[in-house]
Each structure stands twice: as C-alpha cells, then as structure tokens.
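The values are calculated or read from the model by the stated rules, or taken from the named source; none is laboratory data. Please read all numbers here as calculations on a predicted model, not as lab measurements. Counting neighbours? That spans all protein chains shown, and the Cβs are built from the backbone with ideal geometry, glycine included. For the accessible areas, the whole protein counts, side chains as well, though only heavy atoms, and no ligand, DNA or RNA atoms are used. Shrake-Rupley method; radii C 1.70, N 1.55, O 1.52, S 1.80 Å.
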Amino acid sequence: MDNKIILTDENNKEVEFNIIDTFGVDDIALEPLDEDFIVIFEMIKDENSISFKPINDDKELDEIVKIYEDMKED
C-alpha cells in the first residue's frame, strides 16, 4: 500500500505528504515530506473524487487534535 499523496497548495505548487493516519469519519493526518509536523484535513468524498479541506475553525481543530492524540495514546 502506498502511503504517500501529492496535494496542490495555495500557490499551485505540488507538495508530497506521508499519510500518517485516518480517523473519525472523515479526518486524515498527513506529514509533509522532509518536515517535522503533522497537518490534519477533512476528507470530502463524492462519487468521483476525494478532496481535502483544511480545518480553519480553531475550536473544531482543537477538538480534532485532542481526538487524534487520545487515539494515539491507546
């Protein structure tokens, strides 16, 4: 199984990520290659594609990060 994904950033530049984990119903944790941090996106699926939406609401992001950290502790 390939655990890498390439996304296009806001400057139309391709960025390669390692897929760290999926959790919840529609969340995914990614780590940019050659970086030492994790980003969490909401996955939006339709019949033909999957897109990734950044979580811009700080309260929602804090809740998701807590869920992710609790999951990793178990």
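Is it the case that Glu16 is of a type outside the set (Ser, Thr, Tyr), touching a residue at least 12 places away in the same chain (Cβ under 8 Å) and farther than 20 Å from Glu60 by Cα?
On the way: of a type outside the set (Ser, Thr, Tyr): yes; touching a residue at least 12 places away in the same chain (Cβ under 8 Å): yes; farther than 20 Å from Glu60 by Cα: yes.
Yes.
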**Enumerated strands (runs of 3 or more DSSP E) restricted to the chain, each holding at least 1 residues that are open to solvent by less than 40 Å² (accessible area, probe 1.4 Å) and small (Gly, Ala, Ser)** = 27-32
